[in-house]
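To keep things clear, I will list the structure first and then write my remarks on it.
The values are calculated or read from the model by the stated rules, or taken from the named source; none is laboratory data. Bear in mind that the values here come from a model prediction, so they are computed numbers and not experimental data. All Cβ positions, glycine included, derive from the backbone under ideal geometry; neighbour counts span all protein chains shown. Side chains are part of the model used for accessible areas, which takes the heavy atoms of the whole protein and leaves out ligands, DNA and RNA. Shrake-Rupley method; radii C 1.70, N 1.55, O 1.52, S 1.80 Å.
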Amino acid sequence: QVQLVESGGGLVQAGGSLRLSCAASGGTFNIDAMGWYRQAPGKQRELVARITSGGSTNYADSVRGRFTISRDNAKNTVYLQMNSLKPEDTAVYYCNRERRFDGRAFWGQGTQVTVSS
């Protein structure tokens, strides 16, 4: 069974940093694209960053240059390094997995990131 577990969220001051982790289980991790999404209160869930099985990345304009997505296939884990955090980054961050086998999407439970001004 595919399962995703996020960790690393918390409360930080503006300008600070956090590193989120997403541990994946099941399936064939190394061929699946992975992503981080976030949802703030009253807002749509939005793509933050995505990384393909080949290591290509995409970022939302709002985080480009501040956030870095990476993956460690040996650990079945994807990371999101968040630097220069802003209050606008406050949201629940979700890990996403795009299963190559059938195209299904899987989601973690989310981890709260709060940035104080």
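Numbers for the structure displayed
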item	result
Enumeration of residues in region 7-22 that are open to solvent by less than 50 Å² (accessible area, probe 1.4 Å) and either of a type in the set (D, E, K, R) or in a strand (DSSP E or B) (or both)	Gly10, Val12, Leu18, Leu20, Ser21, Cys22
Residue pairs meeting the criteria (Cβ under 6 Å; at least 6 apart or on separate chains; first in contact (Cβ under 8 Å) with a residue 24 or more places away in the chain and within 12 Å of Asn96 (Cα to Cα), in region 37-62; second surrounded by fewer than 15 Cβ atoms within 10 Å (Cβ to Cβ) and of a type in the set (A, V, I, L, M, F, W, C))	Tyr37/Leu47
Check on Arg50, open to solvent by 50 Å² or more (accessible area, probe 1.4 Å) and within 15 Å of Gly110 (Cα to Cα)	no
Residue ID - surrounded by the fewest Cβ atoms within 10 Å (Cβ to Cβ), chosen from residues in region 35-47 that are in contact with a strand residue (DSSP E or B) (Cβ under 7 Å, 6 or more places away or on another chain) and of a type in the set (D, E, K, R)	Glu46
Within region 55-86, considering residues that are of a type in the set (A, V, I, L, M) and over 15 Å from Leu18 (Cα atoms), the one nearest to the chain's Cα centre (by Cα)	Ala60
Condition check for Asp32: of a type in the set (Asp, Glu) and either open to solvent by less than 20 Å² (accessible area, probe 1.4 Å) or over 25 Å from Arg100 (Cα atoms) (or both)	yes
Members of region 25-58 found to be touching a Phe, Trp or Tyr at 6+ places or on another chain (Cβ under 8 Å) and on the phi > 0 side of the Ramachandran plot, listed by number	Gly27
Region 87-117, subset surrounded by 16 or more Cβ atoms within 10 Å (Cβ to Cβ) and among the β-branched types (Val, Ile, Thr), residue farthest from Cys22 (Cα to Cα)	Val115
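For every residue, the table says whether it meets (1) aliphatic (A, V, I, L, M); (2) at pLDDT below 95.
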| position | (1), (2) |
| --- | --- |
| Gly16 | no, no |
| Trp36 | no, no |
| Ile51 | yes, no |
| Tyr59 | no, no |
| Thr77 | no, no |
| Arg100 | no, yes |
